[in-house]
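**Student:** Let me give you the structure first, and then I'll get to my questions.
The values are calculated or read from the model by the stated rules, or taken from the named source; none is laboratory data. Note that the structure is a prediction, hence the values are computed from the model and not measured. Here the Cβ positions follow ideal geometry from the backbone for every residue, glycine too, while neighbour counts run over all protein chains shown. When the accessible area is computed, the model is the full protein with side chains, heavy atoms only, and any ligands, DNA or RNA have been set aside. Shrake-Rupley method; radii C 1.70, N 1.55, O 1.52, S 1.80 Å.
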Amino acid sequence: MDKLFKTQQNSVNEEQTGIQWEPLESVDQLDNVIKNSTLKPKVIFKHSTRCGISRMVLRQFENGFEKNDDEVTFYFLDLLNYKEVSAAVASKLNVVHQSPQVIILYNNEILHTESHQGIDIKKVQQIVTNKK
């Protein structure tokens, strides 16, 4: 089972998806992400490696998102390995904990959040592009 989870996690970090994910692994890092959202939009993708829907949405997100690294920074939160960070996202950003979940931050506020199969890649793309 560990091999399955490791393979899934590696696919996010190692495959060329067009998205350069920054792992979100600490509450201090989350604080910096929020603080630095005044510079450019930040997209947080919360993912559960045990959830088939989360895996499917992640693949669709990676395959369907067209972006420029200068426009946005992407953060990947493995919520099973970083439960404390996931809880901090919910409390600091005042969002309901869900997975998969995408959260767009800009200027220290949430511009958009969506979860499960409601994650609309084109809408995320449009929001990020309008904020560059």
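**Student:** When the residues of the stretch 15-38 are filtered to those that are hydrophobic (A, V, I, L, M, F, W, C) and under 18 Å from residue 112 (Cβ atoms), which remaining residue is most open to solvent (accessible area, probe 1.4 Å)? Break it down into steps so the answer makes sense when it comes.
**Tutor:** If we filter the stretch 15-38 for residues that are hydrophobic (A, V, I, L, M, F, W, C), which is where we start, we get 19, 21, 24, 27, 30, 33-34.
Those still in the list that are under 18 Å from residue 112 (Cβ atoms) too: 19, 24, 30, 33-34.
Values: 19: 8, 24: 1, 30: 0, 33: 4, 34: 30 Å².
It comes out as 34.
Yes/no matrix, rows are residues, columns are (1) closer than 13 Å to residue 44 by Cα; (2) of a type in the set (Lys, Arg); (3) more than 12 Å from the chain's Cα centre (by Cα):
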{"residue": "90", "(1), (2), (3)": "yes, no, yes"}
{"residue": "97", "(1), (2), (3)": "yes, no, yes"}
{"residue": "104", "(1), (2), (3)": "yes, no, no"}
{"residue": "113", "(1), (2), (3)": "yes, no, no"}
{"residue": "122", "(1), (2), (3)": "no, yes, yes"}
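**Student:** Looking at the stretch 46-132, what helices (runs of 4 or more DSSP H) fall wholly within it and have at least 3 residues that are more than 18 Å from residue 19 (Cα to Cα) and open to solvent by less than 80 Å² (accessible area, probe 1.4 Å)? Quick ask: steps written out before the conclusion?
**Tutor:** Values: elements: 52-64, 83-93, 121-130.
So the answer is 83-93.
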